[in-house]
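Novice: Have a look at this one.
The values are calculated or read from the model by the stated rules, or taken from the named source; none is laboratory data. Being a predicted model, the structure only gives us computed values, none of them experimental. Cβ placement follows ideal geometry from the backbone for every residue including glycine, while neighbour counts extend to all protein chains displayed.
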Amino acid sequence: MGIRERLSGNEAAATAMKQINPDVVAAFPITPSTEIPQYFSSFVSNGTVDTEFVAVESEHSAMSACIGAEAAGARAMTATSANGLSLMWEMIYIASSLRLPIVMSLVNRAVSGPLNIHNDHSDAMGVRDSGWIQLFSENNQEAYDNLLMAHRIAEHKDVLLPLMVCQDGFITSHSIENIELLEDEKVKDFIGTYKPEHYLLNNKEPIAIGPLDLQSYLFEHKRAQSEAMKNAKKVIIDVANDFEKMTGRHYGFFEEYRMDDSQLVIVCMNSTAGTAKYTADRLREEGIKAGVLKIRVFRPFPSEEIAKALAGQKAVAVLDKSDSLNAAGGALFEDVTSAMFVNGISVPTVNYIYGIGGRDTTEADIRSVYKDLVEIAESGKLENPYRYLGVRSK
Amino acid sequence: MAYNFKEIIAERPSRFTAGHRMCAGCGAPPVARMILRALKPEDHAVIAVATGCMEVSSFIYPYTSWTDSFIHTAFECAAATASGVEAAYKSMKNTGKLPKDINTKFIAFGGDGGTYDIGLQSLSGAMERGHDMVYVCYDNGAYMNTGIQRSSATPKFADTTTTPAGTKIPGKMQARKDLTKILVSHHIPYVAQSIGLNNFKDLYEKSEKAIYTNGPTFLNVLAPCPRGWGYNTEDLMQINKLAVETCYWPLYEVINGKYIINYKPKNKLPIEEFLRPQKRFKHMFKQGNEWMIEDFQKEVDARWQELLDLEEITNSHEA
């Protein structure tokens, strides 16, 4: 039986990092993830972890130092948000191309500009094609559990890709909720020790990392990255199964909530799933067959599985907490509709950009989406699939 | 043990090997070779190199010229990357994940673009944090890899592709940044300025000190570029000599804050001697442009005097 606690999302992430006890943490403070390196620094100062904490002068250097450390043969971790991730952007691609299983706690926040410190998913969406595995978390428990599974996935020999665990800034990072923690020893056994095959600090086998990689080889190297991302799907499920055996908590690519007999489904990520589930429960009492598909694994994108899960619905709404500013819908919407099209599933599907810059998304907002879905299902008509939720019209 | 060039060359094979694609007459490869020769043969090194000429010419997949472990990530973060490697080493040594008996040294290389300019922040951060590493700037005074654009290390009046000597503006109008002194201001234990001169004694000895001083150390090494400076490839060593004899590039080291000038020319040569063999300064020798040479000389004299003063001041209070 685990340890019952009450922690914020940031405390949960820091606790996971303490139990993981990585060799190196390099981080730079940014709201709302600042608390993670703060808490972690106290673990370092009090000797509860063996980690070298590198208090870098920028997020660019944070990711550079993580790359150096991971390439050296260490487990390296970091935490950031929004503009911090933007500043890392160049190094984010380099980390994945060097096949370094760095793990990041990303506390999602709106990317400037203008400056805003509150939650949306524009930071994570900005790196969705960077070759990082991206796991999303509805609450502090999931943020904690996802971090405990992260190294097993990222370091797997068929994967070797960096991984970020996302949670919503302030909404979960600063909200204290009940959580069930694992004992330190259990975490240690579950994660195991990191044994890289090749690493800089092996004086018996010097290696060179980060070449100039021209027309003759870059394509093959990129293709290999792509294959690793495909391989990650199996590994993610295998690790989740092991985790379930230990904790009883089930994780898949996504969670299907009340979808056994649903007709109208909202697809969303992170904390909004809580509001959507609550609203679906209320609507069920009113006879509306509402369901929720909460994405956990956004990269790799479980395309086939999502299409299959949505087959047979009467209408689907995809909620994007980031505007792609492309006059053609959000990133999650594009991925979900593409998945359905490719797999021959045709369900009327509508997109809502919502919650930008921390705009609150209430039960009433979610109700209005289901109400739209009822209309779409009844009329069979879908005018304007690209919609906004909770924004002033003028 | 006294420095002996022949012995060093014979006993310490180059750890930066042949096959790289640096230009003939480039000042950087001999610098890299000699710095790595200062490593004890039994010590392992991890080399971090910023994007630039040295990186793109020495590690083109699948070939590498580096016999030690090597990492390149990006342009502005060789120091940050090396600091991560060093932190990993410290951590893994403490926890027994690495054998106790290995001794690994950390050396970062960057050109003046990756050091004076885009990489200055990450260098400053790494030095302030106290990582046990050497950062070497091979300063060729412009962004040579992208085709000779001005940097903050480019000397005044130099003709570069972003400060072309035109009819209205005669080259770069600003004097160069004094990066070595900026590093001195970090109060790190060892900072030095060097060059590949004569039998490379100066560079070897400074490299040895930098590598085996505990904590962050910095070497600024002038590394002429035949393409960017416009000299004949066989004249590299002569250009280096003139840089020192004119006091354009003084050889000095700062050990725990105390300045030591390693060479004071008996007859300081006029700056024309250094400028004349280089095409980038050709326009300065046109009739009517004498003022440019005078201006340049004044700057060199002022900086040399400042250095003499600093040596006197920092050595006047013996502990």
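Novice: Go over the candidates B:LYS105, B:LYS100 one by one and state the one that is more than 7 Å from chain A (Cβ to nearest Cβ), of a type in the set (D, E, K, R) and either part of a strand (DSSP E or B) or touching a residue at least 24 places away in the same chain (Cβ under 8 Å) (or both).
Specialist: Numbers: B:LYS100 fails: either part of a strand (DSSP E or B) or touching a residue at least 24 places away in the same chain (Cβ under 8 Å) (or both).
B:LYS105 is the lone residue from the list that is more than 7 Å from chain A (Cβ to nearest Cβ), of a type in the set (D, E, K, R) and either part of a strand (DSSP E or B) or touching a residue at least 24 places away in the same chain (Cβ under 8 Å) (or both).
Novice: Quickly run through region B:273-310 and pick out the residues that are more than 21 Å from the chain's Cα centre (by Cα) and β-branched (Val, Ile, Thr).
Specialist: The answer is B:ILE293, and nothing else.
Novice: I've got another one for you. Provide a single number: the residues in region A:9-49 that are hydroxyl-bearing (Ser, Thr, Tyr), surrounded by fewer than 21 Cβ atoms within 10 Å (Cβ to Cβ) and either under 21 Å from A:ILE117 (Cβ atoms) or in contact (Cβ under 8 Å) with a residue 12 or more places away in the chain (or both).
Specialist: At the first step, the residues of region A:9-49 found to be hydroxyl-bearing (Ser, Thr, Tyr) are A:15, A:31, A:33-34, A:39, A:41-42, A:45, A:48.
Subsequent filtering for residues that are surrounded by fewer than 21 Cβ atoms within 10 Å (Cβ to Cβ) retains A:31, A:34, A:39, A:41-42, A:45, A:48.
Retained after the next criterion (residues that are either under 21 Å from A:ILE117 (Cβ atoms) or in contact (Cβ under 8 Å) with a residue 12 or more places away in the chain (or both)): A:31, A:34, A:39, A:41, A:48.
Qualifying residue count, region A:9-49: 5.
Novice: Any residue that is part of a strand (DSSP E or B), away from chain A (no Cβ under 13 Å) and over 21 Å from B:ALA223 (Cβ atoms) - is there at least one of those in region B:160-180? I'd like the intermediate steps shown before the answer.
Specialist: First, pick out the residues of region B:160-180 that are part of a strand (DSSP E or B): B:165, B:170.
Applying the additional criterion that residues be away from chain A (no Cβ under 13 Å) yields B:165, B:170.
Checking the rest, the ones that are also over 21 Å from B:ALA223 (Cβ atoms) come to B:165, B:170.
So far as region B:160-180 goes, yes, one or more of its residues are part of a strand (DSSP E or B), away from chain A (no Cβ under 13 Å) and over 21 Å from B:ALA223 (Cβ atoms).
Novice: For region B:88-97, how many residues meet the condition of being out of contact with any helix residue (DSSP H, G or I) (no Cβ under 6 Å at 6 or more places or on another chain) and either assigned to a strand (DSSP E or B) or at the interface with another protein chain (Cβ under 7 Å from one of its Cβ atoms) (or both)?
Specialist: Of the residues in that region, 6 qualify.
Novice: Now for a different question. Starting from region A:193-217, take each residue that is in the same structural domain as A:HIS156 (by TED's automatic domain parsing) and in contact (Cβ under 8 Å) with a residue 40 or more places away in the chain and list its partners that are in a loop (DSSP other than H, G, I, E, B) and basic (Lys, Arg), counting only C-beta distances under 8 angstrom and pairs at least six apart or across chains.
Specialist: As it stands, the answer is A:TYR194/A:ARG75; A:GLU197/A:LYS157, since those pairs meet every condition given.
Novice: Could I ask something else about it? From the list A:GLU220, A:GLU227, which one is charged (D, E, K, R), within 14 Å of chain B (Cβ to nearest Cβ) and within 27 Å of A:GLU70 (Cα to Cα)? Don't jump to the end; show me each part of the working.
Specialist: Values: A:GLU227 fails: within 14 Å of chain B (Cβ to nearest Cβ).
Only one candidate qualifies: A:GLU220.
Novice: Would you confirm whether or not region A:63-83 contains a residue that is aliphatic (A, V, I, L, M), assigned by TED's automatic domain parsing to the domain that holds A:LEU148 and either modelled with pLDDT under 95 or surrounded by fewer than 24 Cβ atoms within 10 Å (Cβ to Cβ) (or both)? Working first, answer last.
Specialist: Step one: filter region A:63-83 for residues aliphatic (A, V, I, L, M), giving A:63, A:65, A:67, A:69, A:71-72, A:74, A:76-77, A:79, A:82.
From the residues that got through so far, the ones that are assigned by TED's automatic domain parsing to the domain that holds A:LEU148 too are A:63, A:65, A:67, A:69, A:71-72, A:74, A:76-77, A:79, A:82.
Those still in the list that are either modelled with pLDDT under 95 or surrounded by fewer than 24 Cβ atoms within 10 Å (Cβ to Cβ) (or both) too: none.
Looking through region A:63-83, none of the residues is aliphatic (A, V, I, L, M), assigned by TED's automatic domain parsing to the domain that holds A:LEU148 and either modelled with pLDDT under 95 or surrounded by fewer than 24 Cβ atoms within 10 Å (Cβ to Cβ) (or both).
Novice: Applying the selection to region B:11-45, what residues are of a type in the set (Gly, Ala, Ser) and buried (at least 21 other Cβ atoms within 10 Å of the Cβ)? Before the answer, list the steps.
Specialist: Just the residues of region B:11-45 that are of a type in the set (Gly, Ala, Ser), to begin with: B:14, B:18-19, B:24-25, B:27-28, B:32, B:38, B:45.
Passing the criteria: B:GLY27, B:ALA28, B:ALA32, B:ALA38, B:ALA45.
Results for (1) in contact with a strand residue (DSSP E or B) (Cβ under 9 Å, 6 or more places away or on another chain); (2) among the polar types (S, T, N, Q); (3) modelled with pLDDT under 95; (4) assigned by TED's automatic domain parsing to the domain that holds A:ALA317, shown as yes or no for each residue.
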position	(1), (2), (3), (4)
A:VAL239	no, no, no, no
A:MET269	yes, no, no, yes
A:TYR278	no, no, no, yes
A:ASP281	yes, no, no, yes
A:GLU286	no, no, no, yes
